[in-house]
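Quick notes on the structure that follows.
The values are calculated or read from the model by the stated rules, or taken from the named source; none is laboratory data. As the structure is a computational prediction, the values presented were derived from the model and not from experiment. Counting neighbours? That spans all protein chains shown, and the Cβs are built from the backbone with ideal geometry, glycine included.
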Amino acid sequence: MVFSASSVTVVVPATSANLGPGFDSLGAALSLYDTVTARVTGDRVRVSVSGEGAGELPEDERHLVAATMLTTFGRLGHRPPGLELTCSNEIPQARGLGSSSAAIVAGILLAQHLVEDGPGMLGPAGIIGLAAEFEGHPDNVSPCVLGGFTIAWTDDSGRPDDGAHAIRLHDAKGVAAVIFVPRQRGYTAHARAVLPVNVPLKHAAFNVARSALLVRALTGSPDLLLAATEDRMYQDFRAPAMPATAKLVTALRTDGIAAVVSGSGPSVLALVPDDQGLVAEAQRRCPDGWWAREIAVATEGARVVR
């Protein structure tokens, strides 16, 4: 294996998973970005972080981007003697906006492009499959790779193409997004630990119908967003662990704004028809101690910048 002598930069977007009813399957790429530059060096792993996570994240091989790169290099055939990474982060850490998925996708892309002939080894489908393996589920990594709104699923049928798969929906028409981000953090492992092993059949059927309706709402009927983002499978179980999030979601939905927990929380995502009056109305509901902003759905997924 021959490593590139030059550095490689990748830009990866934030994401929001589930979008209400689509647990572990629906997601959206959002226009907040982490930018990571990496090069192969002669000894050990060094990581420099600015922006979100500065002074908190590891600055050695334990950093998630670096760890993912080393694992990916191993999968490709050989690990380099050392790495130097510079991370400029906009994505809030541990807030339900896909910071770990962005780090994993960045690590895979960087490793791939630091190997001669590496860019041809993994296409988007291969990157999604490997990233979902590392992350444990494909709902965040899929929009991070593909951009836009995505549907992800996994196969375990025993066929050669088993694993994670995803498609991108047609670009949404007339849909605006607002994110509400609190100071406190949440962690996916904790959010998953409170979920029941089984759910009632009627609740599963309810979410299947709402997920199908949400695809229609996102691709041409934004007037359906409020009904299409209802959930009965998981958000209520997580509410006691993040009461401020649950309270905000309830308040927004009571006002007719299609609000959901963003990923595993505690951030909140509101999807509204693209009307500045509605967007402003949603932002006015921002609680003390949180920040809110309108944010574009990222039309492009992760990209490499030479």
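Conditions (1) within 15 Å of Gly96 (Cβ to Cβ); (2) within 23 Å of the chain's Cα centre (by Cα), marked per residue:
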{"residue": "Leu201", "(1), (2)": "no, no"}
{"residue": "Ala205", "(1), (2)": "no, no"}
{"residue": "Arg210", "(1), (2)": "no, yes"}
{"residue": "Pro222", "(1), (2)": "no, yes"}
{"residue": "Gln235", "(1), (2)": "yes, yes"}
{"residue": "Thr245", "(1), (2)": "yes, yes"}
{"residue": "Val249", "(1), (2)": "yes, yes"}
{"residue": "Ser262", "(1), (2)": "yes, yes"}
{"residue": "Ser267", "(1), (2)": "yes, yes"}
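Is it true that some residue in the range 192-212 is part of a helix (DSSP H, G or I) and in contact with a Leu (Cβ under 8 Å, 6 or more places away or on another chain)?
Looking for residues that are part of a helix (DSSP H, G or I) and in contact with a Leu (Cβ under 8 Å, 6 or more places away or on another chain), one finds at least one in the range 192-212, hence yes.
Pairs needed: first member in the range 111-123, closer than 16 Å to Val145 by Cα; second member anywhere, part of a loop (DSSP other than H, G, I, E, B) and among the basic types (Lys, Arg); C-beta distance under 9 Å; at least 6 residues apart or different chains.
His113/Arg306
Looking at Val145, Val105, Val141, Val175, which one is modelled with pLDDT under 95 and β-branched (Val, Ile, Thr)?
Val175
Take the residues of the range 196-252 that are out of contact with any helix residue (DSSP H, G or I) (no Cβ under 7 Å at 6 or more places or on another chain) and of a type in the set (Lys, Arg): which is surrounded by the fewest Cβ atoms within 10 Å (Cβ to Cβ)?
Ranking the qualifying residues of the range 196-252, first place goes to Lys202.
How do the strands (runs of 3 or more DSSP E) wholly within the range 71-169 filter down when requiring 3 or more residues that are aliphatic (A, V, I, L, M): which remain?
It comes to 163-168.
Would you please name the residue that is modelled with the highest pLDDT, looking only at residues in the range 215-258 that are touching a strand residue (DSSP E or B) at 6+ places or on another chain (Cβ under 6 Å) and in a loop (DSSP other than H, G, I, E, B)?
Result: Thr229.
Of everything in the range 281-303 that's basic (Lys, Arg) and in a strand (DSSP E or B), which residue is nearest to Gly107 (Cα to Cα)? Write out each step before concluding.
Looking only at the range 281-303, we keep the residues that are basic (Lys, Arg), and these are 284-285, 293, 303.
Next, only the ones that are in a strand (DSSP E or B) stay: 293, 303.
Values: Arg293: 28, Arg303: 12 Å.
It comes out as Arg303.
Among (1) crowded, with 19+ Cβ neighbours inside 10 Å; (2) within 14 Å of the chain's Cα centre (by Cα), which single condition is Ser31 missing?
Among (1) crowded, with 19+ Cβ neighbours inside 10 Å; (2) within 14 Å of the chain's Cα centre (by Cα), Ser31 violates only (1).
Please work out which residue is modelled with the lowest pLDDT, limiting yourself to the range 113-138 and to residues that are of a type in the set (A, V, I, L, M, F, W, C) and farther than 22 Å from Pro80 by Cα.
The residue in question is Ala125.
Which condition number does Met1 fail, the rest of (1) assigned by TED's automatic domain parsing to the domain that holds Trp153; (2) outside any strand (DSSP E or B); (3) in contact with a His (Cβ under 6 Å, 6 or more places away or on another chain) being met?
(1)
Looking only at the range 279-298, which residues are loosely packed, with under 13 Cβ neighbours inside 10 Å and of a type in the set (Asp, Glu)?
Asp288
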